[in-house]
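A short worksheet on the structure shown next.
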Amino acid sequence: MPPIKILICEDSAEKREYLLQLLRGYDAFDVVGDFSTGTEGAAKAPRLKPDVVIMDIEMPGISGIEATRRIKEQLPYTHIIMYTVYEDDDKLFDSLCAGASGYLRKKTPPHQLMAAIEDVMEGGSPMS
């Protein structure tokens, strides 16, 4: 099976680097891009055609929720996992309405993040 193509949208350089290092350490994943704004992620996603997007909610430019909406309009089969510090029912609801497949807290252990990526690829909806 080919590796799962992943796009990362995260404004924190430290957290983005952490995700890059984590995911690039496994043959099952291929990070096809990483961006620090929702605007850039939404604009570049159609060209990169990721299977899964790991999306922060609060970013400069458009929010991760709006970026999710835009990506899903162009790539309806791409799965988006919101990756956030927020435990907010309204943000969770808005994310799901925008087309997110899952919602994970940034404190989620690495093995659970990787399992969540595989879960969305199989039709699941991981939540923390």
TODO: Would you calculate the separation in nanometres between label points at Ala115 and Asp90, each defined as 7 Å from the Cα along the Cα-to-beta-carbon direction?
DONE: 3.2 nm
Open item on the list: Within the chain, how many Lys pairs that are eight or more residues apart, or on different chains, come under 22 Å at the alpha-carbon?
Closed with: 14
Task: Interchain or long-range residues, amide H under 5 Å from Met127's placed H - done: Tyr103
Task: Inter-probe distance in nm under a simple model that places probes 7 Å from Cα toward Cβ, at Arg47 and Glu14 - done: 3.1 nm
Open item on the list: Considering only protein heavy atoms and a probe of 1.4 Å, how much of the accessible area of the chain is carbon and sulfur, as a whole percent?
Closed with: 50 percent
Open item on the list: For Cα pairs less than 8 Å apart in space and 6+ apart in sequence, what is the mean separation divided by the residue count of the range 22-123, i.e. the relative contact order in percent?
Closed with: 24 percent
Open item on the list: Test of understanding: what is the full-extension gain from Arg105 to Met127, defined as 0.36 nm times their sequence separation minus their Cα-Cα distance?
Closed with: 7.1 nm
Task: Solvent exposure, largest accessible area first (probe 1.4 Å, DNA, RNA and ligands not counted), of Val31, Val85 - done: Val85, Val31
Task: Farthest toward positive dipole pole in the range 1-124 [+1 Lys/Arg, -1 Asp/Glu at C-beta], among Pro46, Phe93, Ile8 - done: Pro46
- [ ] Rank these residues by their accessible area, most exposed first, probe 1.4 Å: Tyr18, Tyr83.
- [x] Tyr18, Tyr83
Open item on the list: Is there a quick way to get the dipole size of the chain? I mean about its Cα centre, with the Cβ of Lys and Arg at +1 and of Asp and Glu at -1; what is the value in debye to the nearest 20?
Closed with: 320 debye
Task: Residues whose placed amide H lies under 5 Å from that of Asp30, excluding near-sequence neighbours - done: Ile4, Lys5, Ile6
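The values are calculated or read from the model by the stated rules, or taken from the named source; none is laboratory data. Remember, predicted model here, so these are calculated numbers, not experimental data. Ideal geometry is used to build each Cβ from the backbone, glycine not excepted, and the neighbour counts take in all protein chains shown. Areas reflect the complete protein model, heavy atoms only, side chains present, ligands, DNA and RNA absent. Shrake-Rupley method; radii C 1.70, N 1.55, O 1.52, S 1.80 Å.
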